[in-house]
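**Student:** Can you keep this structure in mind? I'll have questions shortly.
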Amino acid sequence: MGPGSELTVAARGHGHSLQGQAQAHRGVVINMESFRGPEMKVHHGKNPYVDVSGGELWINILRESLKYGLAPKSWTDYLHLTVGGTLSNAGISGQAFRHGPQISNVHQLEVVTGKGDVLNCSEKQNADLFHGVLGGLGQFGIITRARISLEPAPKMVKWIRVLYSDFSTFARDQEHLTSAENTFDYIEGFVIINRTGLLNNWRSFFNPQDPVQASQFESDGRTLFCLELAKNFNPDKIDMINREIENLLSQLSYISSTLFMSEVSYIEFLDRVHVSEVKLRSKGLWEVPHPWLNLLVPRSKIHNFAQEVFGNILTDTSNGPILVYPVNKSKWDNRTSVVLPDEDVFYLVAFLSSAVPSSTGTDSLEHILTQNKRILDFCAAADLGVKQYLPHYTTQKEWRAHFGPRWEIFMQRKSAYDPLAILAPGQKIFQKAISIL
């Protein structure tokens, strides 16, 4: 097809774009999972890494690298996603406070640009393309290969949950742990509003430290904050790890009767969401609309945010988990395309709702979207400096506001690597066949 053709191209990973961003109206959608060759290659040595295809799933990378006693450093909560998909956004989980997101743990990429060039890029070679593609929402090229940093993998994980009734105490303890030198390997948090029998539900995965006290704990009608922690270990170091955990927990101010612990293999811990997926699939509740809203909230504004959103806008959390945890900006590379708040510490707040098809109640798609809009409207009105992660906008004006001072470099990269605006039109950032200069 010639330069004047109407072709557009979108790369589809494992089908998790939230608003149809992986679609290309009257264009071509490339199923990246079909590009899973050649074989993954794990390289040992002082700085181990693995070479993988852009369509490879993270769960498969974990399984392969574990054969060599190695694993990637940074994860997403759900592993059945493609490498190209998460690297086009950022890839955040409870390890990000220490290792940064997945885009901070990749050495090299092979990219097919919108011009059709196949280029290897890294910090030393085609560096502008390398940084542009990372967090670039598929706008500059399709990631076809990636070199992922690895580290020695632990065999086991101590998995811990505790509850708080006060957001300030919860946030203070989270920030204490994410800024400490000696701390946990994974730190996340959840908001739980008006959930009946919460601790009883935990018993299928965790053991309460004080079963009697835990059985008397009432969660109905309350707003609670769960701190979820993990400490990696090998069985020969169990005594030392237990002492470390005891010391770390003694520094926290959680509700003492709510301490729950579990011991699982490393792969069981990392692939924990898949257990829920299997259950939901069996009930026909996985392939439903997921109107997720992911926000990055500056640390100085998280209390205002929590007071309004968790105190007024939300009345329960029955539609899906709400995550909230801090990350350190120093672990992110400001040369990539990802957009962050203007503070050294910010919180990921993720509303991971599932809508029930054909429902007209509080679990309907319409209700959840209205709630999301209320949250976004509040953030805008209160001028909280919030940025969307996995952003969704429908006009270039909104995208310009999202990128702020980074809009110019984003446009320059678009004209350099995809001047015809062929790639990822579903993001609605650039219109095809209209000058973007």
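The values are calculated or read from the model by the stated rules, or taken from the named source; none is laboratory data. The structure presented is a predicted model; accordingly, all values stated were derived computationally and were not measured. In this analysis, Cβ positions are derived from the backbone assuming ideal geometry, glycine residues included, and neighbour counts consider all displayed protein chains. What goes into the accessible areas is simple: the full protein's heavy atoms, side chains included, and nothing from ligands, DNA or RNA. Shrake-Rupley method; radii C 1.70, N 1.55, O 1.52, S 1.80 Å.
**Student:** If you take every residue apart from Thr223 with its C-beta less than 14 Å away from the C-beta of Thr223, what net charge results, scoring Lys and Arg +1 and Asp and Glu -1?
**Tutor:** -3
**Student:** While we're on this one: In terms of the Cα gyration tensor, with a ≥ b ≥ c the square roots of its eigenvalues, is region 257-315 rounded because a/c is under 1.5, prolate because a/b exceeds b/c, or oblate?
**Tutor:** Oblate, since a/c reaches 1.5 and b/c is not below a/b.
**Student:** Can you tell me which of 158-167, 197-206 comes out highest on packing, and rank the rest after it, using the mean Cβ neighbours within 10 Å?
**Tutor:** Details: 158-167: 20.3, 197-206: 14.8.
Packing order, densest peptide first, comes out as 158-167, 197-206.
**Student:** At 1.4 Å probe size, with the rest of the protein present, what percent of the exposed accessible area of region 156-287 is carbon and sulfur atoms?
**Tutor:** That fraction is 47 percent.
**Student:** Return the whole-Å distance between the Cα centroid of region 255-274 and the Cα centroid of region 340-381.
**Tutor:** 27
**Student:** Across region 306-318, in residue order, what do the Karplus-derived ³J(HN,Hα) couplings come to in whole Hz, using 6.51 cos²θ - 1.76 cosθ + 1.60 with θ = phi - 60° and x for Gly and Pro?
**Tutor:** Residue by residue, region 306-318 yields 4, 4, 7, 6, 7, x, 10, 5, 8, 10, 7, 10, 7 Hz.
**Student:** Rounded to the nearest 500, what is the chain's calculated 222 nm mean residue ellipticity when only DSSP H runs of at least 4 contribute -39500 (n - 2.57) each, over all residues? Provide the component values of the computation, followed by the final result.
**Tutor:** Values: 14 runs with 120 residues, N = 437.
Calculated mean residue ellipticity at 222 nm is -7500 deg cm²/dmol.
**Student:** A follow-up question, please. Return the long-range amide H neighbours of Ala71 (sequence gap of 5 or more, or a different chain), with a cut-off of under 5 Å between placed amide H atoms.
**Tutor:** Residues meeting the criterion, in which the H sits 1.01 Å from N, are Glu151, Ala153.
**Student:** Would you kindly derive the ³J(HN,Hα) couplings of region 298-305 from the backbone phi angles with the Karplus curve 6.51 cos²θ - 1.76 cosθ + 1.60 (θ = phi - 60°), listing them in order in whole Hz, with x for Gly and Pro?
**Tutor:** x, 3, 5, 10, 5, 6, 4, 4
**Student:** Using a Cα-Cα cut-off of under 16 Å, which lysines could be cross-linked to Lys158, ignoring same-chain neighbours fewer than 8 residues away?
**Tutor:** Here the lysines satisfying the reach criterion relative to Lys158 are Lys231, Lys237.
**Student:** Turning to a different aspect of this structure: Might you tell me the accessible area per residue for region 156-287, computed with a 1.4 Å probe and given in Å²?
**Tutor:** On the way: 6280 Å² over 132 residues.
With all protein chains present, region 156-287 gives 48 Å² per residue.
**Student:** Cα centroid distance between region 80-102 and region 153-178, in Å?
**Tutor:** Comparing the Cα centres of region 80-102 and region 153-178, I get a distance of 20 Å.
**Student:** Does region 156-287 classify as rounded, prolate or oblate by the C-alpha gyration tensor (a ≥ b ≥ c root eigenvalues; a/c under 1.5 gives rounded; else a/b over b/c gives prolate, otherwise oblate)?
**Tutor:** In terms of gyration-tensor shape, oblate.
**Student:** Which lysines have a Cα lying under 19 Å from the Cα of Lys46, excluding residues fewer than 8 positions away in the same chain?
**Tutor:** Partners within reach: Lys67, Lys73.
**Student:** Also, quick follow-up: Kyte-Doolittle cut-off -1.0, length cut-off 20 Å along the helix's own axis using Cα: show which whole DSSP H helices in the chain pass.
**Tutor:** Helices passing the filter in the chain: 365-381.
**Student:** Just give me a number: lysine pairs in region 261-414, eight or more positions apart or cross-chain, with C-alpha atoms less than 25 Å apart.
**Tutor:** Summing the qualifying lysine pairs gives 12.
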